[in-house]
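Values quoted throughout were computed directly from the atomic coordinates according to the rules given, and no laboratory measurement underlies them. Here the structure is a predicted model, which is why all the values come from computation and not from measurement. With ideal geometry, Cβ positions are generated from the backbone for all residues, glycine too; neighbour counts draw on all protein chains shown.
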Amino acid sequence: MHTTSLCQRYKPGFFTSVWSGNDQPPPEEIHSAYPLKTSRDTESLTKPPTNTKMLVRDFIDDSLFNPSYGFYSKPSASPFADIEEMEQEEDHIQYMSRLAKSQGRINHHNIQQLRYTLTELFKPWYGYAIAKYMVSEYKLNLYPHKDLIIYEMGGGHGRLMPHIMDYIERYEPSVYKRTQYNMIELSDRLVSPSFIKHAPRHDGVQVLNQNIFDWNTLVTEQCFFLGMEVINHFAHDAIRYDLDTLKPHQGIVCIDEKRTYTEIYEPIQDPLITRYLTLRKKARSKHNTPNHPFTSGSLLWHKMQRLLQSKTPNFTYPEFIPTKLFEFLEILNTYFPGHRLVLTDYASLTNTIEGINAPLVQTAYKGLMVPCATYLLPPGWYDTVFPTNFELLRDMYLLTCRGSKAGNEKNVKAVKYDNFLERYGDIERSRSKKGAPMRLMHQPNVKVFLT
């Protein structure tokens, strides 16, 4: 198998800037001898693997969710229960500064606690808005003949569920009696004690301590499927295009005995990458991404760089493709044929690494959240967050779950977070004591995906 090394090598260290790269990658024969492992293969390991190679998505997935050393392997209780609820007119930065002071200096043990979500910042009104949307759609289409069935993915801290169930119990008691709330996780080790603590408060709540990517049970009932700020942690693959043939190559991370990370590229063999790229060719928005390598200006720029700089490789910048998100859509289509999907996430991020649709990679250093220049880092010490191209997601969803051409189903849409709250957020009741409405705390880079 022909592979090409782009000399992207990093040795273990806490901070990217202190590393020194080696311009000479290990011989290709060493890389070819490494076994190719997946994140499932490394799940039982207690230390990160060596003398191994992994697809980029498996390397990132292992770094985030390995039960022993992954970034999210030891979730802690939310610190928000220990301090006063955020005043809704308070600035986010002021709030996080106050939170950091109450929790002490940030380090790699409590870094997760300082990741705040919309659910936490805008409680309970954010959960109320989601609940109001689901109840209105349920009463319009299913009530009173069928139950309101909800599946939430990645809510193991139990931060959203109590607010949704509180709203239904208080304002829709007849619907509450017919509500079933089910929890599915991204890892079978991520359901936290706080979720278990809240679950008994409401009837009809069930904890399904199972990885969504291992799901194999057919759910025939019509249901809502929630994912609130979850898909940004779905691992991506990296591909680069050969400037001569324009053929894509899949990224591989090679890890030697000293845990030096080398990124190489080879012709695509992975079935999931192949299926995704095949589907994307059918999508209307397959190139609806700034600086995509197939746009004429970007392709010309890459070729000019190769002519001007002899060391520039014969490849485009990396493109990070949402293969785990695509796999999730396949699972939805296979096992949840009657679902209504509700996703909330970030359409754009700042301080991302180099590449198209590239992630924000960050860690805590001396009490500050520090962005990093690469994802080739020691597993477990760094969070990796991806933006979502919602236009492409819509096309992917229609082609995967509806079997229809993109653009012909108006009920599948991505709406601005502010617009969603304007309709379902109950602005008047969410006013604080000082009169600041919830809509003032807008999130311009957040969207809500509804089907």
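Karplus-based coupling profile of the stretch 320-326, in residue order and whole Hz: 9, 9, x, 5, 5, 5, 4, with θ = phi - 60° in 6.51 cos²θ - 1.76 cosθ + 1.60 and x standing for Gly or Pro. Per-residue Karplus couplings for the stretch 329-340, computed as 6.51 cos²θ - 1.76 cosθ + 1.60 with θ equal to phi - 60°, are listed in order as 5, 5, 5, 4, 5, 7, 10, 10, x, x, 7, 10 Hz, Gly and Pro entered as x.
Highest first, please rank the peptides 224-230, 140-146 by the mean number of other Cβ atoms sitting within 10 Å of their residues.
Details: 224-230: 22.1, 140-146: 11.7.
Ranked by mean Cβ neighbours within 10 Å, highest first: 224-230, 140-146.
Over 20 Å between Cα atoms, which of Lys132/Lys416; Lys37/Lys281; Lys281/Lys324; Lys37/Lys282 qualify? Cα-Cα > 20 Å for Lys37/Lys281; Lys37/Lys282; rest within. Once divided by 2.2 N^0.38 Å, the Cα radius of gyration of the stretch 216-290 becomes 1.52. On full extension, the segment bounded by Lys177 and Ser73 gains 33.9 nm, given 0.36 nm per residue less the C-alpha separation.
Give me the extension gain from Asn333 to Asn216: residue separation times 0.36 nm, minus the current Cα-Cα distance, reported in nm with one decimal. Don't skip to the end; give the middle numbers.
Numbers: separation 117, 0.36 × 117 = 42.12 nm, distance 1.18 nm.
Length difference between fully extended and current span is 40.9 nm.
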